[in-house]
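Worksheet: the structure to be examined is printed underneath.
FYI, it's all coordinate maths here, none of it is from the lab. This one's a predicted model, so the numbers in the text were calculated from it and none came from an experiment. Virtual Cβ from ideal backbone geometry, glycine too; neighbours counted across all protein chains shown.
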Amino acid sequence: MGKKISDAMASNPCAIDAEKSVQYAAQMMRDEDVGFAPIVEEDRIIGTLTDRDIAVKVVAEGRDPQTTTAQDVASKAVITIQPDQDLDDALQLMAQHQVRRIPVVEDGVRLVGVIAQADVAREAKPKKTGQVVEEISQP
């Protein structure tokens, strides 16, 4: 493909401080019209939170969104990519880990952006993107 992650990623992602409440996180996600947010301590990524995490780990379990922190329910196994890597690397990681968004980090932990399946699709060949979407969506 030849293009780098930095060419297609969203810079300045809507990150949430680890100690913020899930209610705050849900409101921020609504206001920013996103379904995914990196969870950070300072500018270091420590997890990710999705709208599905909120529905399944908070609402469905009857937890209080005002007292439950983003850190409490965030996915801790974070798949990341670096801005100088190729977009093909992002497609491969998305398919391998069945994720649609990957935080972009420098120095292994400092959040600088997010690359989404849609970002890659705008740059990739349709056939390759279709294959990845199919792999991501498999049960």
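Here are the numbers for the structure shown:
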{"read-out": "Contour excess over end-to-end distance, with Cα ends at D88 and S6 and 0.36 nm allotted per residue", "value": "28.3 nm"}
{"read-out": "Degrees, to the nearest 10: 126-137 long Cα axis against longest axis of the chain", "value": "30 degrees"}
{"read-out": "Net charge over other residues, Cβ less than 12 angstrom from the Cβ of S21 (K, R count +1; D, E count -1)", "value": "-2"}
{"read-out": "Fewest-first sequence of L93, L87, L49 by Cβ atoms within 10 Å of each Cβ", "value": "L93, L87, L49"}
{"read-out": "Two-site label geometry, D31 and T67: point separation in nm, points 7 Å out along Cα→Cβ", "value": "2.5 nm"}
{"read-out": "Three principal axis lengths of the chain [C-alpha, angstrom, descending]", "value": "45, 33, 25"}
{"read-out": "Under-19-angstrom lysine pairs by C-alpha in the chain, whenever the two are 8 or more apart or on separate chains", "value": "8"}
{"read-out": "Other-chain or far-sequence residues with amide H under 5 Å of V112's (modelled H)", "value": "V104, V105, E106"}
